[in-house]
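The values are calculated or read from the model by the stated rules, or taken from the named source; none is laboratory data. None of the values given here were measured: they were computed from a predicted structure. All Cβ positions, glycine included, derive from the backbone under ideal geometry; neighbour counts span all protein chains shown. The protein model used for the area step is the full one, side chains on, heavy atoms only, and it has no ligands, DNA or RNA in it. Shrake-Rupley method; radii C 1.70, N 1.55, O 1.52, S 1.80 Å.
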Amino acid sequence: MRWLLLAVVVLAACGAPAAPDSATPASPPSAPEPATPEAAQPIPEPNMSTLPTPFTADQIRDAMPVGTEVRLTIAAAGKPTIQSDWTVTKSDADGVTIAYRTLTEDGTQDVEPPSEGSYGWEELRQHALYKAADTTRLDGQTLDTPLGTLTTIRYVRSTRGDSEKVETYDFAVDIPGPPVLVRTTVDGQQVLSMAMTRRTGFPKQ
């Protein structure tokens, strides 16, 4: 399951509108060659039809020990804003188990029953693969976020059917894992945003 799809499933459960899609959305999480030390740069994908991911499987594993907490604020056009809390309950050489809670924006009430999922590290890395044909990768972007000002790797995916859909995924180079900001527009109007507002361990707290 893709990082973003975890949030999209939450939105669907809450009745949020789905943006028109002329193709299957690319997974939102990790890609290589950030403007960081060479040792941290992943090996390019052998299939040149896809862009390199922002992080290696090992980088994601090392950044997500047991106890890691992630909070996302998710807003869909015309629907109440919700909060998605993730907690890593198991993390080893093989993979990770994440517990999920979907809450009202103020975090006081569950919107859906708690759930959990288990994933392999390579599986999560591949969730950030984007097709080179419709996606542009921009390294060294600067983004102001609730976690501070971050340097990001940005993927911009544009598809056109009856409408023009643009998906933007920002991955913080110092925070391996899911994107810190996801935005979707349809014909220039924003229909979805997902912003990371908490991530234990990054930046150091």
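Worth pointing out:
- Complete set of residues in the range 33-55 that are at pLDDT 95 or above and farther than 20 Å from Val156 by Cα: none
- Cβ-Cβ distances below 7 Å connect the following pairs, each with a first residue in the range 120-144 that is more than 21 Å from Asp92 (Cβ to Cβ), a second residue that is basic (Lys, Arg) and surrounded by 15 or more Cβ atoms within 10 Å (Cβ to Cβ), and a separation of six or more residues or different chains: Tyr130/Arg157; Asp134/Arg157; Thr135/Arg157; Leu138/Arg154; Gln141/Arg154.
- Filtering the range 146-155 for residues that are in contact (Cβ under 8 Å) with a residue 60 or more places away in the chain, of a type in the set (A, V, I, L, M) and part of a strand (DSSP E or B) leaves a non-empty set.
- Search result, residues across the range 66-79 that are surrounded by 13 or more Cβ atoms within 10 Å (Cβ to Cβ), outside any strand (DSSP E or B) and of a type outside the set (D, E, K, R): Thr68, Ala77
- Qualifying position, being under 26 Å from Arg154 (Cβ atoms) and either open to solvent by 60 Å² or more (accessible area, probe 1.4 Å) or assigned to a loop (DSSP other than H, G, I, E, B) (or both), among Asp58, Asp106: Asp58
- Residue match in the range 117-130 (condition: under 19 Å from Gln83 (Cβ atoms) and modelled with pLDDT of 95 or more): yes
- Members of the range 158-172 found to be touching a residue at least 60 places away in the same chain (Cβ under 8 Å) and surrounded by fewer than 21 Cβ atoms within 10 Å (Cβ to Cβ), listed by number: Thr159, Arg160, Gly161, Asp162, Ser163
- Residues that are open to solvent by less than 80 Å² (accessible area, probe 1.4 Å) and not in a loop (DSSP other than H, G, I, E, B), drawn from the range 91-103: Ser91, Gly95, Val96, Thr97, Ile98, Ala99, Tyr100, Thr102, Leu103
- Residue that is farthest from Gly140 (Cα to Cα), among those in the range 165-199 that are in a loop (DSSP other than H, G, I, E, B) and over 16 Å from the mean Cα position of the chain (by Cα): Asp187
- Residue check for Arg160: over 17 Å from the mean Cα position of the chain (by Cα) and either within 21 Å of His127 (Cα to Cα) or modelled with pLDDT under 95 (or both): yes
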